[in-house]
Amino acid sequence: MNLLSLLSRNACKFLLIALLFFIPDILQSQIPFLENGNSSTIARDGGMFGNSSTRKITDLAGTWEYSLDEKKTWYSVKIPSSYSEARKIWFRRKFSVNQNVIDNYVGSLQCLGVNYFCEITINDNFIGRHIGGSTSFSFPIEKNVLQLGSENSIVIYVDNELNARNTVPLRQQIGGWRNYGGIIRDIFLSYTPQLFIDDVHLESKFSPTMESVGLNITSVLSNKGLKQAQWESQNARKLSLAVQTEIYEQATGILVSKLLSPISLPEENHILEVEQHAVISAPKLWSPEFPELYNIKCNIVVLPVENLILIDEVSEEYGFRDVKLSANQFFINGSPYLLKGIAWQEDHSKYGASLTLEAMERDIALMKNAGVNLIRIVNRPTHPYFLTLCDRYGVFVFEEIPMMQVPQEIFEKDDFSATVDAIVKEMVIRDDNHPCVLAWGIGDDFEMSEQPSTDFVRSLKTTVRSLDNRPVYFITSRIKDNLCLNEIDFVAINALGLESRNLKNSMNEWKSLITNKPLVIASYGKEVEPGNRHGSSDPYSYEAQARGLQQFVDGVKESGFAGGVIWTFNDWRGDRPSLSVHSKDPYLSTYGVVNEYREKRTSYTIVKNLYSGEKVSALPIGNYAFTEPMIYVVAGFILIIVGAFLYNRDRRFRDNVNRSLFRTYNFYADIRDQRIISVFQTIIVTLIVSVTFAVILSSLLFHFRDSKFIDVAFTHLLISDVLKENFVFTVWKPIAAIFWLALAFFGIMLCIAVLVKFFSLFIRSRVLFLHAYEVVIWSMLPFTFFIPLGMILYRILETPSYVYPILILIAITIVWITQRLLKGIAVVYEMFPSRVYFFGTILLIFSLIAVYGYYDYTQSASAYLRYMFSLTQSLHQ
C-alpha cells in the first residue's frame with residue numbers, strides 16, 4: 001500500500017510538472033515577495049554618505065507598484081524586497097519635489113542594490129542603466145527632469161535573469177546563493193548643494209614606531225551649477241572657498257585635528273580633487289578587540305574663518321589600523337593575529353536578500369558573541385550598513401565579488417571581464433573607508449591552470465591597487481599547478497568536501513607547498529540533516545558537524561595557518577537545486593551553525609567555546625549504522641525469480657531467449673517474416689530489461705549523489721530547475737528512482753521503435769510498428785546479465801578501484817546492444833548490415849553533435865564540464 005501511495009504521489013507530481021510547461025506565464029498574475037519595506041536612510045548608515053545638514057533626502061522605501069506585463073496591470077509591493085524567480089518586472093512610484101529643491105539643489109538617485117540589470121526613468125526621461133545586483137550606484141538627475149509637486153514618477157525595469165556566458169555571477173551555481181531579484185536594498189533621492197563633495201578617500205600610514213599616524217584625505221568636489229558672480233550678488237560677500245576637515249574621537253568627541261585648505265571654485269560641470277594631510281599623535285587603534293573609531297567631517301565653507309558659511313558637509317567613520325603580511329601570518333597593529341572567521345550568506349528566511357537593519361545587527365551580534373573576529377561575506381559586496389556595524393562591533397571582513405566557478409573560456413570574453421572590472425571598482429570605491437575591510441576577494445574557484453587566468457587575475461589586482469592598498473586574494477581548491485598564486489597577497493583555500501580525518505595532513509602539505517605567503521582556510525564545514533541529533537557517529541548529525549568544526553579550529557592553530565573561516569554562519573537557499581544537499585530540500589544548504597531562522601545548533605556553542613578559549617563539552621557519539629537500500633536486492637530477486645521461472649517453464653520463451661542471443665540473424669528474420677513472437681513474452685522482456693536498467697542506473701546515481709561533477713552535469717542536462725528538483729528527490733528515493741527510470745527507459749525504447757518505423761517508410765520493405773518494437777526490445781536483452789550485479793552494485797561501488805571497471809563494462813554492453821539493434825534493423829529492412837551500420841552511426845553522431853551544440857550554445861556546457869572535471873581531478877592537491 002505504501003509503495004502504491006508513493007508511486008501515485010510521484011505520478012501526480014510529474015503530471016503537474018508536465019502541465020506547468022504548457023501554462024503561459026501570463027496566467028501567473030502576481031509573484032511572492034520577501035518584503036523589508038522599512039526606511040533606513042534616516043540613519044547615517046543608510047546611504048553611501050551620512051546625514052548632513054546641507055543635504056536633503058527623499059526616502060523611496062515603502063509601497064511601490066509592480067507589473068509583470070509591460071506596465072498593463074499593477075500590483076502593490078513594499079520596497080526593499082526580494083523575489084526568487086527569474087523575472088522581468090517594472091516597478092513604479094510617485095514622489096514629491098518642492099520649488100526650493102528644484103532651484104537650489106542637485107538631485108541624484110542612490111540605489112544600494114537592484115538585481116541584476118535595471119533601467120531607470122523619471123517622468124519618462126531616461127536616467128541610466130546598471131549591471132550587477134550587489135553593488136551600489138547613483139545616477140544624476142538633471143533639473144529639467146523634475147517637476148514641481150507630487151506627480152513625479154519613477155519607473156525601474158528590473159531583469160534578474162542570469163545566463164551561462166556573460167553575467168556576473170553566471171547562472172550555473174551548484175551550492176551558490178539564490179539570485180533574488182528586485183529592488184533588494186535601500187533606494188532614495190539625494191539632493192546636494194550645487195557645489196558638493198562627491199567622494200572622500202581616506203588613507204593612513206603609521207610612523208615606524210606607530211606613535212603617530214598620517215592621514216591623507218582626498219575630497220572630490222563637483223560643481224553642478226554654482227556661479228561665483230550670481231552667488232556674490234545674492235550674498236553680498238566674496239565667494240572665497242575652502243575645504244575644512246575636522247577629526248574627532250568618536251567615543252569622547254574630542255577634536256584631534258582640524259585642517260583648512262583654500263580652493264578656487266571649480267568650473268561648472270568639472271571636479272576638483274583637494275588633498276589634505278593630518279598627523280595624529282598617539283592614535284587610538286582599531287581592532288576587533290578594541291574597535292576605536294574617529295569621525296571625520298569634510299566641509300566646503302566660505303571664508304573668512306570668523307564668519308564661516310557652510311556650503312556642503314559629509315562625514316565618515318574611520319578607524320586607524322595597521323595590517324602587514326609576513327611569510328605565514330597577519331600582523332595587526334604590529335602583533336601577530338589569528339583570524340577566527342565564519343562565512344555569512346546575505347540570505348534570510350523572512351527577508352531573502354533584503355535584510356532589515358535590525359536583522360543584520362542581530363546576525364553580527366550572534367557572530368561576535370561566538371568569538372568571531374572575521375566575517376567572510378560570501379561572493380557578494382554587502383549592504384554598506386553591514387560594514388558600518390562591523391566597524392562598530394569590531395569584526396574584520398573579507399569582501400568579495402560575485403565571480404564563482406568560472407571556466408577560462410568565459411572570463412576570456414571582453415564583455416565578461418569588463419563587467420567584472422566594473423563590479424570590482426564599485427565595490428572598492430564604495431567601501432574603501434571602512435576599517436573592517438581586511439582584504440578584497442576577486443573570485444572563487446575560477447579556472448587557474450592556464451596563462452590567460454594569470455593575466456585575468458593580474459588585471460583585477462591592478463584595478464584594486466589603483467584604488468586601495470589592502471591585500472587581494474581569491475579562493476581556490478587547487479594548490480598544485482595553480483599559475484595565479486604568485487599574483488595574490490595571501491592564499492585562501494576552499495577545503496569544503498575534505499574529510500576531517502584528512503584535514504591536518506592536507507594542511508601540512510599545503511604549508512609545505514606555500515612558504516612565502518600566509519595561508520587561510522577560506523571555507524571548511526559539514527552539512528547537517530535538520531533535526532538530526534543522533535550523535536557524532538552519524539556523519540550528518542549536529543554533533544558530527546560540531547566535532548568536525550572542533551577538529552578544524554584545532555587544526556588551524558596546530559598547523560600554523562594565519563586563520564580559518566567556518567562554512568557557514570547561517571543556512572541559505574541556493575538558486576539551483578543540488579543533488580548533494582542532505583536537507584531534503586534541494587535548494588537549502590544546511591552548513592550553518594544556525595539555521596535559516598537563526599536558531600542555534602550544537603556547533604554554535606562549540607565554535608563559541610573554541611574561539612573564546614573556553615572549555616569544550618564532550619559530544620555524544622551515538623550508535624549510527626548506514627541503512628542500506630534493500631530495494632536493489634529485492635528487485636534483483638524478483639527479476640531472477642520471474643526470469644528463471646519463465647525460462648525453465650516455457651520452452652518457447654527459452655528458445656526465443658537463446659536464439660536472440662546466439663542465433664541473432666535467424667531470430668530477427670523470424671520477426672521480419674512475421675512469424676509469431678509472443679506479445680506476452682515481449683512485454684515480460686520489456687519489464688525485465690527496463691527494471692534492470694533502472695536498478696543499475698539508480699545504483700550509480702545513488703553512489704554518485706555527492707559528486708559535484710555529476711551534480712553540475714545534470715544541472716546542464718536538465719535545464720529546467722523543476723525537472724532537476726524532482727530528479728534530486730527521485731535519486732534519493734531508490735524505490736521511486738527504479739519506477740521512474742524504468743518508465744523512462746521504456747519511453748526511450750518506444751521512441752527508438754518509432755524511429756525504426758519512420759525510416760522504414762523510405763525503403764521497400766514493409767515493417768509493422770510491432771515488429772520494430774520487438775527488434776528494439778529483444779536487442780536490449782544483454783542488459784539482463786546485470787541483474788545479479790545490480791543487487792550488490794551499490795556495495796561494490798564503495799570500493800573506488802571497482803568504479804571505472806564497472807563503468808567500462810556497462811559501456812561495452814551498450815556498444816554490444818547498439819550493434820545488435822543495428823543488425824536487427826538491417827535484417828527487417830532487408831539491407832546490407834554495413835549500410836545500416838554506416839547510416840546508423842552517422843545518424844547517431846549527428847544526433848549527438850546536435851544535442852551537444854544545443855547545450856553548448858545555451859549553457860556553455862563544454863566549458864563548465866571541462867572545468868569541473870579538471871577541478872575535481874586536482875581537488876585539494
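Whole number in Å², please: accessible area per residue of the stretch 314-354, 1.4 Å probe, ligands, DNA and RNA not counted. Could the numbers behind the result be given before it?
Working: 1280 Å² over 41 residues.
Solvent-accessible surface per residue comes out at 31 Å².
At 4 °C and a viscosity of 1.567 mPa s, what translational diffusion coefficient does Stokes-Einstein give for the stretch 545-584, taking Rh as the Kirkwood radius over Cα pairs? Give it in µm²/s as a whole number.
Numbers: Rh = 12.5 Å.
Calculated translational D: 104 µm²/s.
Give me the net charge for the shell around Y867: Cβ to Cβ below 10 angstrom, other residues only, Lys and Arg +1, Asp and Glu -1.
Details: positive: R866; negative: E409, D445, E447.
Result for the neighbourhood of Y867: -2.
In whole Å, what is the distance between the alpha-carbon centres of the stretch 151-187 and the stretch 246-285?
Using only Cα atoms to place each centre, the spacing works out to 38 Å.
How far is helix 631-649 tilted, in degrees, relative to the longest principal axis of the Cα atoms in the chain, given as a value from 0 to 90 rounded to the nearest 10?
With rounding to tens, the tilt is 20 degrees.
Report, to the nearest whole %, how much of the accessible area of the stretch 694-748 belongs to carbon and sulfur atoms, 1.4 Å probe, protein only.
On the way: 1590 of 1980 Å².
Exposed carbon and sulfur together represent 80 percent of the surface.
Taking 8 Å as the Cα distance limit and 6 or more residues as the minimum spacing, I'd like the relative contact order of the chain as a percentage.
Numbers: 1751 pairs, mean separation 84.1, N = 877.
Relative CO of the chain lands at 10 percent.
Taking 0.36 nm per residue of separation and subtracting the Cα-Cα distance, what length does fully extending Y624 through N235 add?
Numbers: separation 389, 0.36 × 389 = 140.04 nm, distance 8.33 nm.
Stretched fully, the Y624-N235 segment lengthens by 131.7 nm.
Along the charge dipole of the chain, pointing to its positive end and built from +1/-1 on Cβ of Lys, Arg, Asp and Glu, which listed residue (L195, G622, P208) has its Cα farthest out?
Farthest along the dipole direction, towards plus: G622.
Would you compute the Debye intensity of the stretch 405-540 from its alpha-carbon atoms alone, equal scatterers and no solvent, and pass along log10 I(q)/I(0) at q = 0.13, 0.19 Å⁻¹ to two decimals?
-0.66, -1.11
What size of dipole, in debye to the nearest 20, comes out for the stretch 612-715 about its Cα centre when the only charges are +1 on Lys and Arg C-beta atoms and -1 on Asp and Glu C-beta atoms? Before the final figure, lay out the partial values.
Working: 11 positive and 8 negative charges, 105 e Å.
Here the size comes out at about 500 debye.
Rounded to the nearest 20 debye, what is the charge dipole size of the chain about its Cα centre when +1 sits on each Lys and Arg Cβ and -1 on each Asp and Glu Cβ?
Numbers: 81 positive and 87 negative charges, 723 e Å.
Here the size comes out at about 3480 debye.
Can you give the FRET efficiency for S264 and K511, using 1/(1 + (r/R0)^6), R0 = 51 Å, r = Cβ-Cβ distance, to the nearest 0.05? Let's see the in-between values first.
Details: r = 57 Å, r/R0 = 1.11.
Using R0 = 51 Å, I get an efficiency of 0.35.
What number comes out for the charge environment of S536, summing +1 per Lys or Arg and -1 per Asp or Glu over other residues with Cβ under 9 Å away? Show your work: numbers first, answer last.
On the way: positive: R547; negative: D538, E543.
Its environment carries a net charge of -1.
Probe of 1.4 angstrom, ligands and nucleic acids ignored: what's the accessible area per residue over the stretch 586-683, in square angstrom? Display every interim value, and only then the final one.
Numbers: 5670 Å² over 98 residues.
Normalised by residue count, the accessible surface of the stretch 586-683 is 58 Å².
Using +1 at the C-beta of Lys and Arg and -1 at the C-beta of Asp and Glu, which of V372, S779, T388 has the Cα lying farthest in the positive direction of the dipole of the chain?
After comparing all options, I get S779.
Pairs of alpha-carbon atoms within less than 8 angstrom and 6+ residues apart define the contacts here; what relative contact order does the stretch 35-174 have, in percent?
Numbers: 261 pairs, mean separation 32.4, N = 140.
23 percent.
Choose one of M749, A826, S349: the residue whose Cα lies farthest towards the positive end of the charge dipole of the chain (beta-carbon charges +1 Lys, Arg; -1 Asp, Glu; about the Cα centre).
A826
If you put +1 on each Lys and Arg Cβ and -1 on each Asp and Glu Cβ, how big is the dipole of the stretch 739-844 around its Cα centre, in Debye rounded to 20?
300
What whole-number value in Å² describes the accessible area per residue of the stretch 147-259 for a 1.4 Å probe? Each step should come with its number before you reach the end.
Working: 4230 Å² over 113 residues.
For the stretch 147-259, the solvent-accessible area averages 37 Å² per residue.
At R0 = 35 Å, how high is the FRET efficiency between L770 and S862 if r is their beta carbon distance? Nearest 0.05 is fine.
Working: r = 40 Å, r/R0 = 1.15.
Calculated transfer efficiency: 0.30.
Keeping the other protein chains in place, figure out the carbon and sulfur percent of the accessible area of the stretch 408-496, with a 1.4 Å probe.
Working: 1250 of 2710 Å².
Here carbon and sulfur together make up 46 percent of the probe-accessible area.
Measure nothing but the geometry: give the 0 to 90° angle between the long axis through the Cα atoms of 734-760 and the longest principal axis through the Cα atoms of the chain, rounded to 10°.
The two axes meet at around 70 degrees.
What does the charge add up to near Y337, with Lys and Arg as +1, Asp and Glu as -1, over the other residues with Cβ less than 14 Å from its Cβ?
Numbers: positive: R321, K324, K340, K557; negative: E289, D322.
Cβ neighbours under 14 Å give a net charge of +2.
The values are calculated or read from the model by the stated rules, or taken from the named source; none is laboratory data. Since we're looking at a predicted model, the values are computed, not measured. Because the Cβ atoms are built from the backbone with ideal geometry, glycine has one as well, and the counts that use them run over all protein chains shown. Accessible surface areas use protein heavy atoms only, side chains included; no ligands, DNA or RNA. Shrake-Rupley method; radii C 1.70, N 1.55, O 1.52, S 1.80 Å.
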